[in-house]
Every structure is written in C-alpha cells, then in structure tokens.
Amino acid sequence: MGLEHHEAGGQQIYMEQENDWDRDLLLDPAWEKQQRKTFTAWCNSHLRKAGTQIDNIEEDFRDGLKLMLLLEVISGERLPKPERGKMRVHKINNVNKALDFIASKGVKLVSIGAEEIVDGNAKMTLGMIWTIILRFQSSFTERTKSTCFFSHTVFLFLHSWKDGLAFNALIHRHRPELIDYDKLRKDDPVTNLNNAFEVAERYLDIPKMLDAEDIVNTARPDEKAIMTYVSSFYHAFSGAQKAETAANRICKVLAVNQENEHLMEDYEKLASDLLEWIRRTIPWLENRAPEKTMTEMQQKLEDFGDYRRVHKPPKVQEKCQLEINFNTLQTKLRLSNRPAFMPSEGRMVSKGYEEWLLNEIRRLERLDHLAEKFRQKAAIHESWTDGKEAMLTQKDYETASLSEIKALLKKHEAFESDLAAHQDRVEQIAAIAQELNELDYYDSPSVNARCQKICEQWDALGSLTQSRRESLERTEKQLESIDELYLEYAKRAAPFNNWMEGAMEALQDMFIVHNIEEIQGLITAHDQFKSTLPEANKEREAIQAIQAEVQKIAQYNGIKLVGNNPYTTITPQSIDKKWEKVRSQLVPQRDQALQEELARQQSNDHLRRQFANQANMIGPWIQNKMEEIGRISIEMNGTLEDQLTHLRQYEQSIIEYKPNIDQLEGDHQLIQEALIFDNKYTAYTMEHLRVGWEQLLTTIARTINEIENQILTRDAKGISQEQLHEYRTSFNHFDKDHSGVLQAEEFKACLISLGYDVENDKQGDAEFGRIMGIVDPNNSGAVTFQAFIDFMSRETTDTDTADQVIASFKILAGDKNYITAEELRRELPPDQAEYCIARMAPYTGPDAVPCALDYMSFSTALYGESDL
C-alpha cells in the first residue's frame, strides 16, 4: 500500500510539474540553470553522433538547423530539407518544421511557438527540449512515474537525490564492479555525486550533465534535470540488457551449430577413413597384370579370398553405421532450421576377373586412355580455335584510328605468340592419332577425320594470321600518313581560321567617323584588306587540298575515316562557310556601309561649308556694328536729337539684317540634325553668333535709351548742348579703355580734373565715397555716362529739395505746421490733392486740430529722407 501511495503521489507531482513549467522557471532561477546545463549535455550526447554539438541552448537552436538535426538523430527519421538562408523567415520556417515533426508524434505543444525559439527565449527553449525528452525517452519516463528499477528502493523524484547514494546505487545495481557501494558515506554527498558522475562518464559513456554543487547547494534539485540525467542511465543500462539478451541468443544458436558441426566432422572422418580404404583397395582389385608362375597366381587367388572373408565385412558394418549417423545429422539439421548436409560419395568395388582376360583388358585400357587423351586435347584445341577465323578475317582496321591500329597490332602480336604456343598441342594431337592407328583402334576413321580437320584449320589460321598482320601494318602506314596530313592541316587551319574570325569581327565592327578624312582612311584600309583576299584564298585552297589528300588516301585504300581530325576542331566545312561569308556577304556589306558613310560625310562637309560661309560673314558684321555703335555713343556728332535719329536709323538697318540670322539658324538646324559637332571652316558657333546678335540689339537699344535719357536730363535740368558736349568730352577722355563706363580710379581722376577735393587723404576718401554712393548706388565699381550727367547737372543747376517743398506746403497751409485736406483740394489739382491726402500721415503736434495732416514727414519721404 505504501508503494501504491508513493506511485500515486509521484504521478500527481509529475503532472503538476508538467502543468507548472512556466511557474517553476520564473520562481527558481537555480532550476533554470540546472535545466540549461542538463538539457545542453543531453542534446550534445545525441548531437555528437552527427559530429556536432551546442554551447548555448537558447542561441544554437535559433536558426532551427541543429534542432532539426537533433530530432533526426533521436528519432532515426528524416525531416524535411532545412532552409539555409540567414533571414529571420528562414529560421522561423526551420523551427516550424521541427515543431511540426514533434506534433506529428502526438505531442501537444502548449504556448511554444517558432518565434520564441528564434528570439532565443530561454524559457520556451527549455520547455521545448523537455517536451522532446518526454516524447523520445517515453519508455523511461513511464517507468519513472510508476516504480523504481534498482535494489536501493529509490522512488524517483519523490525522495532526495542530494546525497548521491541513489546515483551510485543505480550504477551498482547494473555494474557492481564499478562501484564499491559499502564505502560510500551519506554525510559526504559531494564525493558521492562526483564519484557517480565520473564513473558514468568514464565507463558508461554518459556525459556529465550536472555538477555536484548544483544538487547539494539547492534546497530542492530540479526534478526535470534529475529525470533527464537518470534517463541517460536508464538507456545505457537498457542497451546493456539488450546486448546481454542478444549474446544469449547467439550462444544458443552457436551451441546448436557447434553440435551439428561436431556430428559432421565425425561423419566426415568415418567416411574419409572408409573412402581411403576403398581408394587403396580398388587399385589392388583392378591390377590385371599376369603373373609369371602358377604359384604366384595361386597366391593371388588366396589373397582375394582373405579380402572377401576378413577385410570386407568390417567395412560393410562401418558403412551401415555411417548411414545411421547421416540420418541422425539430417534430422537435427532439419529441426534447427539448417540446410541439409551434403556428404561426398564413395562406392566399394570388388570384382574378379579371369586370368585369360587380363591381356585384353590391358590393351583396351591403353586404347581408351589414348582415345580419351585425343578427345581432350582435340576439344581443348577446338575450343581455343573457336572464333579465331572470324577474328582474323574481320576488317575492324578499316574504321580504326591510328592509336586503335597500334593497339590492334599489339593484340595481334600477342595472338601470334599464343598461336606459336599451340603448335605443340597440334603436334601432340597428330602423334596420338598416329599411335591409335598403329594399335588398330576401332574408331580410327573418326579420329583421322578429326585430326585432318584440325591440321587443315591450323594451316588456315597461319595464313590468315600472316594476312591480317600485313593488312594491319599497311593500314598503320597509311594512317600515319593521314595523321601527318591531319597535323599539317591543323597547323595551317588554326591561324587561317583566326585570321578569318578576326576579319569577320573587323568587317562587322561598327565604325564612328566625324569627317571625310576619317572615312577615307577606313576606305583605304578596307581596300588594302580586299587586296589580301586572293592570297588568303590560295591559303584556303591549300588547306582544303590537304583534307582532299586525306580523303584520297582513305578512299584508295578502303579506309573508313571515323571521327574528326584529332588535332583540331576546325572542319573544312566551317572554313568554307566562314570564307563564303567574308567574301560574299561581309565584304560587300562593308563596301556599302563605307560608301554610305562617305556620302554622309560629304553631305556633312557641304553643310559645314554652307554654315561657315554665312557665319564668317555675319560674325565680322556684328563685330563692326558693335564698334560703330560705340563710336556713335562716344563721338556725339550733332545734337542729341540728331544722334537719336541716326541711332534709330541704324537700329532699323540692324533689324533688316535679321533674315541673314534666320537663314544661319536654318543651316545650324541642319547641322544639328546631321549630328555634326565640329566645323573646321569657321571659328564661329551658332551660340556665339546668337549671343553677339542679342548683344548688338541690346547695345543699340541701350544706346538709344541713353540718348533719350540725356534729352530728358537736358530738358529737366536746363543743360545746354555745349555743356553736354563738354561732359561727354571729359567722360571720353578718362574712359581709357573705351568701355563706355568709368572705373572708380578713372572717375576719381575725372573729379580731380574738375576741381573736386578727393585726393588720397582721409577727408578726400570720405568725399569720394559720398560721391560714389550717389553715382554708383549698386556698388558695381563703375560709373555710366548717364550717372555722370546726373551728378554733374545736380552739382551745377538749381534743384528742388525737401526743405523747399516744406516751405511751399507751409505757404499753402497759412504758415501752420500742418495742412488740412480742404486746403489741399483748394490749392492743388484734384489728382495731386488726393495723392497727398492718401499718403500724408495725421499730424500729432501740440497745435493739431481734427483731420490735420503732417506735410513735413511727407516732404522728407519724397526725397528718401524718411519713410512714407
């Protein structure tokens, strides 16, 4: 009842451990460490059969490869082919294949997915390995759930394994010579555990899965780790028991077999002794030699009587016992499912002959012996000669290569040596036949006929052998000539074929030229190539003549050429095909392509000349016009109105020149469409001329605008024509480079000549800076003639200022500091009054009245001294 209680308790605890796997791992990290170490060693004990191992159980199973290998080793079955990729999806697929295999064995995997294994989840990985252990070590786990299996009465996983005695007792139960159990002490668990683990590793091939400290230093060792470790002991001892059972079966089978062999040996010995007696007796009984005296013959008869009475009866008894032993042996063999015994046979012969038959028997024996000897030797010879005539008459050399002919010659030499060796046998056959005739053998006609046939066949073989040797030697010589021709063909065909392939490549090569000179160079090179074709054709014909000579030799001597030239893969057909392609196809095509390109280049050259003629005329024309415009703007001939009129006429003449530009644009379009990128006949490009034309139009327009501005300035400032002329003269004098503008230093020199104090001192620099700020507000570093005129007119004429405008508004306002909208509308034109009202700010002074407007800030803003 106690045992049943423990078994039931063990079953309950085991099921609770299975259901609370996650809780165990989370509550006790020491258990996780033990399981990690134990499960790693357990996996390696199987993986080493496949020549590999793992170091980190949660890392090394992540890609699924070693996991699938482990399942194949412990199950003995093949899993689907794994994926070798390094991506996560490949690893997940491999682990899923392993989990599917486990599930196919009826194992339910709870909360274990491929993603957790691939992510290196230690808890899930250990759970999966425990599931594998339970499934594939099921015979052990079922046993450990129900009973113990060694004399120490250890109830697995219910009593502590911490003292190490259970492990030692387990080994002692099956291998008592390995453990001295009586010397173990319960109070020294570390020594006990290390002793058991080391013995198991050294003698039982069980790897060390736990350290003694892992068990002793833990309040309650992990039962799954212990179960895994103990399962290795179970399988080791289970294998030993199976080996013992197998050995017992083999011993039983061998015992039966040894007994049968003993009976066979006894039978063979008895039969051998009996046969030996028979072999000794038969020659004595068959001895028919006549004796010379009567006494000797009488003694022979008395000896024969002793044989019948004394010697033969015991041997008959031995033969009977031999039959009994034989029957007994056959019965035992049949009962033990063994094949029947097949003994050798013997017979006992005794026969008396009359003295008068002895001489006749002797003669007949001699004849029979000779006749049998004749038949044996004849049969051996006929067997040897069988097929030899067919072999010697075959014409295999007609289709053989040179190397094969040489091999056939060596084979034929070996046959000739064999033929010479058989000469003695033929002579022996003839001698035996002659002796049979002399002894008057009854079947002499058949012997003579057979001997005659053998001799005639022998003579025929000799003739055929000589004929075949002559044929082989003749064919060898012819094939050597052909081989030399083949070699010469290969030596000449290879460079010629390379030349043709190079020519084909060159003829088909795309060419790109840009002018007539380049295409003419290609045409010249092509003509030179064509001039080499007659010489090349002679070489081709010489090569083909070599092949024709080979065919001629083969046809004349009846040689059937098999295979191609051994020295080259270039065939006469391929040479002719390439030659015909070069001569009839590629050369004409190249001629046509070169001529078409020549025509295209000639057309392009015409377009270049056409464009160049126009460009070389328009370019200088534009340059001249630009220079003339510059002179007009500088010389100032006549009044400003006269200059303006002259410039507008000049502008019209330029505009009327536009069709020439358009025509040049058309020529340029044709050049672009023809993909012409250079023109040696002109330095002008369309872009250059186009820019020049645009600059010309811009310059004439700008010059006209300057004259118009000068007129406006003259009228506004009251400047006389003489003053303008003086300004222009001064400006042109200091414009040394005739650029139409004064650089800073040139403008400074001009100011100094006009009496301005802008010398190189601090005050002069400040004054020059002030003036440059007026004439060059954009800081371009240059002063135009218009800016120069504005500055000079400002310096020499009376101009309105902000103060003058304020004074004027004050008069309109009746000497007040502000003005009203009514006063503005009364004193100014309507549009100008509304302009002022819209832009004047309200007046905020102490004397302000409603709707008062600030005319002072408005006036300063007009001259840029404040903001509106």
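Would you list which aspartates and glutamates come within 14 Å of residue 552, measuring only between C-alpha atoms, while excluding same-chain residues fewer than 8 positions from it?
483
With the contact rule set at Cα under 8 Å and sequence spacing of 6 or more, what percent relative contact order holds for the range 612-794? List each step's numbers first, then the result.
On the way: 131 pairs, mean separation 44.9, N = 183.
Normalised by residue count, the contact order of the range 612-794 is 25 percent.
Based on the mean of other Cβ atoms within 10 Å per residue, sort peptides 430-442, 194-206 so the most packed one is first.
Details: 430-442: 14.8, 194-206: 17.4.
Ranked by mean Cβ neighbours within 10 Å, highest first: 194-206, 430-442.
For a Förster distance of 51 Å, can you work out the FRET efficiency between the beta-carbons of residue 459 and residue 268, rounded to the nearest 0.05? The partial results should precede the final answer.
Working: r = 53 Å, r/R0 = 1.04.
Between residue 459 and residue 268 the formula returns 0.45.
If I stretch the segment between residue 738 and residue 510 completely, what's the gain in nm (0.36 nm per residue apart, minus their alpha carbon distance), one decimal? Walk me through the numbers before you get to the answer.
Numbers: separation 228, 0.36 × 228 = 82.08 nm, distance 5.51 nm.
Between residue 738 and residue 510, full extension yields 76.6 nm more.
How would you rank 563-572, 522-531, highest first, on the average number of other Cβ atoms within 10 Å across their residues? Walk me through the numbers on the way to the answer.
On the way: 563-572: 14.7, 522-531: 13.1.
Packing order, densest peptide first, comes out as 563-572, 522-531.
Hey, which aspartates and glutamates would be in cross-link range of residue 66, C-alpha to C-alpha under 15 Å, not counting anything within fewer than 8 residues on its own chain?
Correct list for residue 66: 55, 58, 77, 83.
Work through the residues other than residue 764 whose Cβ is under 13 Å from its Cβ and net out their charges, Lys, Arg +1 and Asp, Glu -1.
Details: positive: 748, 762, 770; negative: 757, 759, 761, 765, 767.
Around residue 764, the surrounding residues sum to -2.
In 10 Å bins starting at zero, report the fraction of Cα pairs in the range 367-570 per bin as a rounded %.
7, 22, 16, 14, 12, 10, 7, 5, 4, 2, 1, 0
Extension gain residue 539-residue 554, at 0.36 nm per residue separation less the Cα-Cα distance, in nm?
Details: separation 15, 0.36 × 15 = 5.40 nm, distance 2.33 nm.
Result for the pair: 3.1 nm of gain on full extension.
Could you tell me whether the range 612-794 comes out rounded, prolate or oblate from its Cα gyration tensor? Rule is a ≥ b ≥ c as square roots of the eigenvalues, rounded for a/c under 1.5, then prolate if a/b exceeds b/c, otherwise oblate. The partial results should precede the final answer.
Numbers: a/c = 3.26, a/b = 1.96, b/c = 1.67.
Since a/c reaches 1.5 and a/b is larger than b/c, the shape of the range 612-794 is classed as prolate.
Just to confirm my numbers, what's the Cα centroid distance between the range 714-766 and the range 424-444 in Å?
Distance between centres, Cα-based: 155 Å.
Going down the list 388/411; 410/453; 530/578; 183/208, which pairs span over 18 Å between their C-alpha atoms?
410/453; 183/208
What is the range 802-863 by shape, rounded, prolate or oblate, if you read a ≥ b ≥ c off the alpha carbon gyration tensor as root eigenvalues and call it rounded for a/c under 1.5, prolate for a/b larger than b/c, and oblate otherwise? Can you show the working numbers first?
Values: a/c = 1.31, a/b = 1.09, b/c = 1.20.
Rounded, because the longest to shortest axis ratio a/c is under 1.5.
Could you give the size of the charge dipole of the range 367-570 about its Cα centre, using +1 on the Cβ of each K and R and -1 on the Cβ of each D and E, expressed in debye and rounded to the nearest 20?
Working: 22 positive and 36 negative charges, 36 e Å.
Dipole size: approximately 180 debye.
Going by average Cβ neighbours within 10 Å, how do the peptides 722-735, 180-193 rank, with the highest at the top? Could you put the intermediate results ahead of the total?
Numbers: 722-735: 16.3, 180-193: 13.9.
With the highest mean Cβ count within 10 Å placed first, the list reads 722-735, 180-193.
Alpha carbons only, please: Rg and Dmax for the range 671-750, in angstrom.
Cα-based Rg and Dmax for the range 671-750 come out at 20.1, 61 Å.
Mind giving me the nanometre distance, one decimal, between the label points for residue 841 and residue 438, set 7 Å out from Cα along Cα→Cβ?
About 16.8 nm separates the two model spin labels.
How large is ³J(HN,Hα), in whole Hz, for each residue of the range 260-273 in order, when computed from phi with the Karplus curve 6.51 cos²θ - 1.76 cosθ + 1.60 and θ = phi - 60°, using x for Gly and Pro?
Along the range 260-273, the couplings run 5, 5, 4, 5, 5, 5, 4, 5, 4, 5, 5, 5, 5, 5 Hz.
Defining a contact as two alpha carbons under 8 Å apart and six or more residues distant in sequence, what relative contact order in percent does the range 802-863 show? Don't skip to the answer; put the middle values down first.
Numbers: 71 pairs, mean separation 24.5, N = 62.
It rounds to 39 percent for the range 802-863.
Rounded to a whole number, what % of the accessible area of the range 612-695 do carbon and sulfur atoms account for, probe 1.4 Å? List each step's numbers first, then the result.
Details: 2540 of 4810 Å².
After summing per-atom areas, the C and S share lands at 53 percent.
Can you tell me the relative contact order of the range 367-570? Whole percent, Cα pairs under 8 Å, sequence separation 6 or more. Kindly include the intermediate steps, with their values, before the conclusion.
Values: 108 pairs, mean separation 71.1, N = 204.
Value for the range 367-570: 35 percent.
Rounded to whole Å, give me the distance from the Cα center of the range 379-421 to that of the range 595-658.
104 Å
Would you list, by chain and number, the lysines whose Cα falls below 27 Å from the Cα of residue 312, excluding same-chain residues fewer than 8 positions away?
269, 300, 351
The values are calculated or read from the model by the stated rules, or taken from the named source; none is laboratory data. Fair warning: this is a prediction, and the values are worked out from it, not measured in the lab. Note that we place each Cβ from the backbone using ideal geometry, even for glycine, and neighbour counts take in every protein chain shown. Only protein heavy atoms, including side chains, enter the accessible area calculation; ligands, DNA and RNA are left aside. Shrake-Rupley method; radii C 1.70, N 1.55, O 1.52, S 1.80 Å.
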